[in-house]
Amino acid sequence: MRNILTLPYGGCEVSVELRDVSIREVKPRFGYALSNDEVRRIIINGVRNQLSGIVKSGTRIAIAVPDSTRPTPSSLIASTVIRELENLGVWSRDITILIATGMHSPESRDSIIKILGEEVVDRVKVINNDPYDKSSLTELGATSLGTTIQVNKMFAEADVKIIAGTIGPCMLVGWSGGGKTVMPGISSRQSIHENHKLFVRNVRKARRGAMFGLIEGNIVRQDIDDYAQRVGVDLIVNVIQDHKGNILGVYVGDVIKTFYEAQAFAKNVLSSSEPIEGKVDIVVASPGVFSHEVSLYQSGSRMLAAVEDLVKDGGSIILASSCYKGIYEGTEVDEFKKFFTKYEDAEEVLDLTERDVIPSFESCIGYQFLWMTRHFNVSVVSNNLSSSELKTFKMKHFINVEDALNDALKIHGKSSAILALPYASITYTLKK
């Protein structure tokens, strides 16, 4: 018996020939891909319907878009929105685009051009959000759950506030999109910590490592919704994409109502084509989206969360990701690495997070990694990480999938039940 397993990796694909083992693949349903012209028409109609009569010459517009770690078609969205705003009388000099970096490193000009396109960058003002720069932030009270609202001042003071984003399963908030471009995207370090700290209550109540695809009762998501409403977001443009970046759906409208309509559509098209019964011995997973391969922090958290409910306790998880920016793409990379030399107990991490000893944007992933490696054998296939680096995280390192799989088969046997998720970061696996 011979099988060929093909996984996205590093912007291309790798194939593994498997002998004497059987692997079941789990993929999303996906569906009809919209053309760029169809996408533009939906955005134009949405902007016109929502903002006609509100914007005019002299209206100050702020548009927040995700950074390069999020696979959003920001160039298409921004250019279309700007053109329609100009048709409604807005001057391009009154439009500012904010790169929603959250706690990630600021984007270079070259990177911003890749995100937005040269035409947009040359046409309007574009700035990175800086979560540390208090002079660029303003405080607007607090959410009902107590999160301090410290948001980018230029965005807060704009007459009309627009955010773009992509909706997909998320290990922290259940599903990304909606107000997530504001929190954490254009907020302060303090506000991000206070919001993300709520994950402790989520995982303790659910008794799990992450909240992938779980949005009902998710208080981190609830806090983000409240935060975005209080900031005064006027319009969202959210898309749902497949692994190739094809746009499956576009939603333009209210930051709450429209988001949840879009999320319901996303859940349908990104759910597995068939439900999975029970749990398996081994799961092989790739993010499936190149930008999600940026680091172990991003790809590891997404893939581990995606397969948490699919693997038996004591089973093996093989993560195939190039991790092209190494362990962590954020500004506090050294602190994140040191985290795993300081802490070994997942429950201790939750306690220390609640007491503000550990920043929550480190501990939410740190806790997840500790929880997962306590329950599963985790191996990482990457040519940009080393065995010594991964040993710190209690993970094994391999250069190719075949060697990692053979190692797992030595543990569980040739008759092991195996699943493969080629697009794990955007696959919501249904369970029987």
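Summary table below
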read-out: Output for segment 115-133, where each listed residue is touching a residue at least 40 places away in the same chain (Cβ under 8 Å) and either surrounded by fewer than 14 Cβ atoms within 10 Å (Cβ to Cβ) or of a type in the set (Gly, Ala, Ser) (or both); value: Gly117, Glu119, Tyr132
read-out: Helices (runs of 4 or more DSSP H) wholly inside segment 189-298 containing at least 2 residues that are among the basic types (Lys, Arg) and over 30 Å from Lys338 (Cα atoms); value: 257-270
read-out: Residue list for segment 314-357, filter: of a type outside the set (Gly, Ala, Ser), assigned to a loop (DSSP other than H, G, I, E, B) and touching a residue at least 24 places away in the same chain (Cβ under 8 Å); value: Cys323, Tyr324, Lys325, Ile327, Tyr328, Glu329, Thr331, Glu332, Tyr343, Glu344, Asp345, Asp356
read-out: Wholly enclosed strands (runs of 3 or more DSSP E) of segment 70-177 bearing at least 1 residues under 19 Å from the mean Cα position of the chain (by Cα); value: 95-100, 125-128, 160-166
read-out: Exclusive hit being in contact with a Cys (Cβ under 7 Å, 6 or more places away or on another chain), over 18 Å from Phe212 (Cα atoms) and surrounded by 17 or more Cβ atoms within 10 Å (Cβ to Cβ), set Ser382, Ser321, Ser316; value: Ser382
read-out: Sole residue being among the charged types (D, E, K, R), at pLDDT below 95 and under 18 Å from the mean Cα position of the chain (by Cα), chosen from Lys337, Lys325; value: Lys325
read-out: Candidates Asp37, Asp20 - the one that is surrounded by fewer than 17 Cβ atoms within 10 Å (Cβ to Cβ) and free of Cβ contacts under 8 Å to residues at least 24 places away in the same chain; value: Asp37
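Here's the yes/no breakdown for (1) aromatic (Phe, Trp, Tyr); (2) closer than 29 Å to Gln50 by Cβ; (3) modelled with pLDDT under 95:
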{"site": "Tyr251", "(1), (2), (3)": "yes, yes, no"}
{"site": "Val255", "(1), (2), (3)": "no, yes, no"}
{"site": "Thr258", "(1), (2), (3)": "no, yes, no"}
{"site": "Glu261", "(1), (2), (3)": "no, yes, no"}
{"site": "Ala285", "(1), (2), (3)": "no, no, no"}
{"site": "Ser295", "(1), (2), (3)": "no, no, yes"}
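The values are calculated or read from the model by the stated rules, or taken from the named source; none is laboratory data. As the structure is a prediction and not an experimental result, all values here were calculated from the model. Backbone-built Cβ (ideal geometry, glycine too); neighbour counts: all protein chains shown.
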